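Accompanying notes for the structure given below.
Every number in this text was worked out from the coordinates using simple rules, so none of it is lab data. Note that the structure is predicted; figures quoted are calculated from it, not measured. Glycine gets a Cβ as well: all are built from the backbone with ideal geometry, and neighbour counts include every protein chain shown.
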Amino acid sequence: MDDLPSNTFRDRRVLALKLGLAALWIAVSFGASYFARQLDFTVFDWPLGYWVAAQGALFAFIGIVGFHAWAMKRLVPEDALGTPEEGA
């Protein structure tokens, strides 16, 4: 009864992945908007900092979500396939 479940190592890897991606998400959220102010020249009559914060962060978030889906499919392949419904 005191033994750890066999999937403890996998759960730690999944947790580490989620924490790492959450830290990256926070860095992109605050880092892009903070440092974008220093880019003070204009592109198409809009400040470049606006484009970096608005578009660059969006692409980074899409990349984070895509990487999370890909990594979870590799880390937990039995969950990616789905389980057959019992009693059906």
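Put in order of Cβ neighbour count within 10 Å, fewest first, the listed residues R13, R74 become R74, R13.
Across the range 26-75, counting alpha-carbon atoms alone, Rg and Dmax equal 13.9, 46 Å.
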